[in-house]
């Protein structure tokens, strides 16, 4: 029993450590980027490393991170930060970007599903600005680029196979036939292809099994980038889908990318999730594992191809970054890159300048439940145990108007603590929305003045409260598990932040947020 308690405490400590700067040489914990950070892709420029993730329906799109040691990462911006780059009007969004560095230029190739297909953008500075899209006439998703001797190979996944062509990197024009180069090892959903060269072989690495508990990474090689590709007899090279991994805190490992570090060591970034009682509401996160090559020139992952939460291994000299401030006072004229909109924001629906020191939102006609872009600004939930709070000045004129704090998974799954008009007064409402189920848990009449709204999270539940003065008053507690892929489907990850809604009426009553803070507990 003592061993079990000690092990549980260790796992709890590691869950917390995984969110903070890591400073112990020769040791690190996964994930290295926590919260929604699926489908990682990585490149190296000099002694610096850059990593991108999928962003789906969130705007701006494709977050880009910088690191000196592969373990500590800082968010430096987004690749797609303009409407001309990222149209989300038809849904779908950005899936599985790949980043590469070639001849002093960074390239990011990705898919905007339902809004144009595959495209790439480029930049000489990874912090931007990035170019407008160059569209590619090849179907599929999860695209990747491989550069060699002036040639550019473009791969994507179509139904049950990996498709490849050669393109002109200046124009995006396809200059070869399109060819299916591998169908994987027989697992469902072969996807996420990346082409590499090591010694005399070309390696094609993909994900199979679907982005769930059966996820895995497989690999094949050939003497030509066009194949035929020989599948490795030791596949999969990384998976948690085996008996020895069933109690591992990391699950669903897959969709990876390989990098050789400045010291000659090899590493793989990949996605995995950390379930709690069968649910992973923080979604898929970016993890890291050391890698080496066998005498037969096949990639080898430690622990027989198993991802580990705790890693004792030689690391690069660690270079932790300063911890970003947990509180945003909205005193700048530009939003911090930690903030995200759901879909493209409606022009004129938000401002940092109309009232100095406040974030102002207008509800317009949107709400949190329809395809119309809701007016909200949110942060990814990166911690199991955290507290998010804000101070809101909102005096609604019409009964349809709402503004407040939301824990948002998708348009059909969110928890909201918000102000609305009630007669000649205001009431505070705690509401849970799960598909066709909408439940108002509690309503409280408010006095005049600003209201402080708060949600505290732990692995099992969200606890909502408010204050108008010194006393913090409880509103309600609800399970985290309902805002998860296992309950609601999808894979969007949890976000927490501020919203305003006009509920199909053109609402222009300003909702002014004085500050927002999200900090680990």
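The values are calculated or read from the model by the stated rules, or taken from the named source; none is laboratory data. Keep in mind it's a predicted model, so treat the numbers as computed, not measured. For neighbour counting, all protein chains shown are included, and Cβ atoms are generated from backbone atoms with ideal geometry for every residue, glycine included.
The set of residues from the range 391-405 being closer than 19 Å to residue 519 by Cα and either crowded, with 24+ Cβ neighbours inside 10 Å or touching a helix residue (DSSP H, G or I) at 6+ places or on another chain (Cβ under 6 Å) (or both) comprises 392, 404, 405. Comparison of 155, 171 shows that the only residue that is surrounded by fewer than 18 Cβ atoms within 10 Å (Cβ to Cβ) and either assigned to a strand (DSSP E or B) or modelled with pLDDT of 95 or more (or both) is 171.
Just one of 459, 481 is in contact with a helix residue (DSSP H, G or I) (Cβ under 9 Å, 6 or more places away or on another chain), in the same structural domain as residue 359 (by TED's automatic domain parsing) and over 27 Å from residue 328 (Cα atoms); which is it? Reasoning before the result, please.
Working: 459 fails: over 27 Å from residue 328 (Cα atoms).
None of the others qualify; the one that does is 481.
Being surrounded by fewer than 16 Cβ atoms within 10 Å (Cβ to Cβ) and free of Cβ contacts under 8 Å to residues at least 24 places away in the same chain holds for only one residue in 117, 150, and it is 150. Take residue 159 and decide whether it is in contact with a strand residue (DSSP E or B) (Cβ under 7 Å, 6 or more places away or on another chain) and in the same structural domain as residue 101 (by TED's automatic domain parsing). The answer is no for residue 159. Scanning the range 326-335 for any residue that is surrounded by 15 or more Cβ atoms within 10 Å (Cβ to Cβ) and part of a strand (DSSP E or B) turns up at least one such residue.
The set of residues from the range 369-382 being assigned to a loop (DSSP other than H, G, I, E, B) and either crowded, with 24+ Cβ neighbours inside 10 Å or modelled with pLDDT of 95 or more (or both) comprises 374, 381, 382. If the condition is being under 16 Å from the mean Cα position of the chain (by Cα) and modelled with pLDDT of 95 or more, then the range 81-92 contributes only 81. Counting only residues that are in contact with a strand residue (DSSP E or B) (Cβ under 7 Å, 6 or more places away or on another chain), in a loop (DSSP other than H, G, I, E, B) and farther than 26 Å from residue 66 by Cβ, how many does the range 128-152 have? Residues that pass the stated criteria total 5. Residues in the range 422-437 that are buried (at least 18 other Cβ atoms within 10 Å of the Cβ) and either more than 26 Å from the chain's Cα centre (by Cα) or touching a residue at least 40 places away in the same chain (Cβ under 8 Å) (or both): 426, 428, 429, 430, 432, 433.
Only one residue in 171, 111, 152, 185 is within 27 Å of the chain's Cα centre (by Cα) and in the same structural domain as residue 39 (by TED's automatic domain parsing), so which one is that?
It is 111.
Of the residues 469, 476, 489, the single one that is in contact (Cβ under 8 Å) with a residue 24 or more places away in the chain and either closer than 20 Å to residue 425 by Cβ or under 29 Å from the mean Cα position of the chain (by Cα) (or both) is 476.
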